[in-house]
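Some notes on the structure that comes next.
The values are calculated or read from the model by the stated rules, or taken from the named source; none is laboratory data. Predicted model only: the values in this text are computed from it and were never measured. Cβ placement follows ideal geometry from the backbone for every residue including glycine, while neighbour counts extend to all protein chains displayed.
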Amino acid sequence: MNKNLYATSIYDQLKRACADEWEAYCHHDFVNEVGAGTLPIDSFRYYLEQDYIFLIHFSRAWALAVYKSSSVPDMQWATEILHSTLNTEMNLHVLFSERFGVSQAQLENSSEAQANLAYTRYVLDKGLSGDILDLYVALMPCVVGYAEIGNRLALDYHSVLEQNPYREWIEMYSSEEYQELAIKTISVLERISRERGGMARIEELKETFRAATVLEEGFWSLCYNPSQQSV
């Protein structure tokens with residue numbers, strides 16, 4: 001991902017304000033072992049089950065973004081991500097899960113873990129209690145974090161990617177299409193921030209971004225040691 005495209009954006013300020021938390025999230029052992037292809041299959045299966053639940057709530061958050069948007073272009077962008085999540089990503093998720101022995105029925109009947117619930121409801125609460133800027137800031141660690149993670153794994157583990165059982169996952173989030181989606185979302189955030197007085201609210205927004213990042217890291221920890229988690 002070309003960092004120069006957002007070096008002066010509010011997104012960069014938010015990320016720099018929680019550099020340690022961002023490092024823990026983007027370089028979590030779960031992520032690194034996905035890159036190396038050494039993550040236990042059971043951990044990845046559990047991730048697939050929990051991520052399916054997450055995608056359902058992620059879709060709800062983007063539906064809320066449509067409602068909270070104050071312009072047609074912003075509504076169109078939120079709708080585009082909502083459509084992509086519901087009708088493309090979730091379908092691909094089902095097909096991908098089946099390759100790891102997780103059926104659609106298993107996905108749909110999975111119990112939501114506490115760490116998953118905490119993260120998804122935090123995002124929805126920020127959107128419901130705040131405005132479109134609050135919602136975007138809460139969503140950014142997921143949208144753009146996955147782009148950074150995918151790009152890093154594709155570069156750092158290029159030599160072992162061909163034999164990696166998680167290669168398709170890495171390729172999806174390092175793909176040009178997903179990188180462009182992340183860059184576009186950053187540009188929308190920047191414009192919404194200007195319209196909504198983001199700089200005057202920067203300290204509050206930093207805390208929202210930090211909390212969402214910590215919850216993202218908690219999601220990796222949840223899936224890294226599923227036997228130690230409660231539901």
| said: Can you list residue pairs whose Cβ atoms sit under 6 Å apart, with the first residue in the range 60-87 being within 21 Å of Glu177 (Cβ to Cβ) and the second being surrounded by fewer than 19 Cβ atoms within 10 Å (Cβ to Cβ) and of a type in the set (Gly, Ala, Ser)? Count only pairs 6 or more apart in sequence or on different chains. | reply: Leu82/Ala63
| request: Output the residue which, of all residues in the range 8-47 that are assigned to a helix (DSSP H, G or I) and hydroxyl-bearing (Ser, Thr, Tyr), is surrounded by the fewest Cβ atoms within 10 Å (Cβ to Cβ). | output: Ser43
| query | Among the listed residues Val144, Val102, which satisfies the condition of being surrounded by 20 or more Cβ atoms within 10 Å (Cβ to Cβ), under 22 Å from Ile170 (Cβ atoms) and touching a residue at least 60 places away in the same chain (Cβ under 8 Å)? | reply | Val144
| request: Determine the pairs where a residue that is at positive phi and touching a residue at least 40 places away in the same chain (Cβ under 8 Å), located within the range 200-222, has a partner that is of a type in the set (A, V, I, L, M, F, W, C) and surrounded by fewer than 15 Cβ atoms within 10 Å (Cβ to Cβ) with Cβ atoms under 6 Å apart, the partner being 6 or more residues away or on another chain. | output: none
| Members of the range 64-85 found to be over 16 Å from the mean Cα position of the chain (by Cα) and of a type in the set (A, V, I, L, M), listed by number | Leu64, Val66, Val72, Met75
| said: Quick check on my filter: what residues within the range 147-187 are buried (at least 18 other Cβ atoms within 10 Å of the Cβ), of a type in the set (A, V, I, L, M) and over 14 Å from the mean Cα position of the chain (by Cα)? | reply: Leu153, Leu161
| Scan of the range 190-212 for residues that are buried (at least 18 other Cβ atoms within 10 Å of the Cβ), assigned to a helix (DSSP H, G or I) and of a type outside the set (D, E, K, R), ordered by number | Ile192, Ser193, Leu205, Thr208, Phe209, Ala211, Ala212
| query | Given the structure, is Thr88 modelled with pLDDT of 95 or more, surrounded by fewer than 17 Cβ atoms within 10 Å (Cβ to Cβ), of a type in the set (Ser, Thr, Tyr) and over 17 Å from Glu112 (Cα atoms)? | reply | no
| task | Filter the range 86-129 for residues that are more than 15 Å from Ile56 (Cα to Cα), among the acidic types (Asp, Glu) and under 17 Å from the mean Cα position of the chain (by Cα) and give the result. | result | Asp125
